[in-house]
Amino acid sequence: MTDYSRHPSMDLPAPLLHMISGKIGAGKTTLAQKLSENGAGLLIVEDRWLSVLYPDQIVQIPDYIRCSERLRHLLGEHLVEILRHGLSVVLDFPLNTPSIRAWGLQVAERAGVDHVLHFLDLPDVVCKQRLQARNAAGLHPYTTSDEDFDRLTRYFVPPVPEEGLNIVKGS
């Protein structure tokens, strides 16, 4: 019997966890899709999971926080296993607070893989313009008003080196 786990043709680059931080409308989903399309890893999209698991249940920010925490709890160990099996992952999750970024870092550490946090740092006016375009296109499972943007942005905390993350700043 052939041991395919050691087959030379299966030498793959070391798995990597890609995480993304940025205000709503900064381009996190666009970046995540591009990374995945370019072979950076398996794309896992929070909004898809939330819209299926909690249809019509996310109306206010506390609803999102509750449902997102449940999803991270559910997927955490699964992500560790995917990474341990040698597959890189691109998380389209808004890693926008120190506690959520700590969760992502913990996933990478438990899996024994490296990580990168892509930080999209754009002005509010640009994010709002992008949100308006996204809303008009109607392709996203959630619609976000300028007022929602302002409320959500209050929770956003830019990443800092003290968090122990490999931060790559982009726009």
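The values are calculated or read from the model by the stated rules, or taken from the named source; none is laboratory data. All values derive from a computational prediction rather than experimental measurement. All Cβ positions, even for glycine, are placed from backbone atoms using ideal geometry, and neighbour counts span all protein chains on display.
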Give Leu131, Leu117, Leu95 a once-over and let me know the one that is crowded, with 19+ Cβ neighbours inside 10 Å, modelled with pLDDT under 95 and within 13 Å of Gly22 (Cβ to Cβ). Leu131
Can you name every residue in the range 86-113 that is without any contact (Cβ under 8 Å) to a residue 12 or more places away in the chain and either closer than 16 Å to Gly41 by Cα or among the small types (Gly, Ala, Ser) (or both)? Ser99
Can you say whether Pro55 is modelled with pLDDT under 95, part of a helix (DSSP H, G or I) and surrounded by fewer than 13 Cβ atoms within 10 Å (Cβ to Cβ), as far as the supplied structure shows? no
Residue list for the range 23-49, restricted to those being surrounded by fewer than 16 Cβ atoms within 10 Å (Cβ to Cβ) and of a type in the set (Gly, Ala, Ser): Gly39
What number of residues within the range 67-99 are outside any helix (DSSP H, G or I) and under 21 Å from Thr29 (Cα atoms)? 11
Arg130 part of a helix (DSSP H, G or I), over 22 Å from Val160 (Cα atoms), free of Cβ contacts under 8 Å to residues at least 24 places away in the same chain and not hydrophobic (A, V, I, L, M, F, W, C): no
Residue selected from the range 1-29 under the condition out of contact with any strand residue (DSSP E or B) (no Cβ under 9 Å at 6 or more places or on another chain) and not in a loop (DSSP other than H, G, I, E, B), by the criterion modelled with the highest pLDDT: Met10
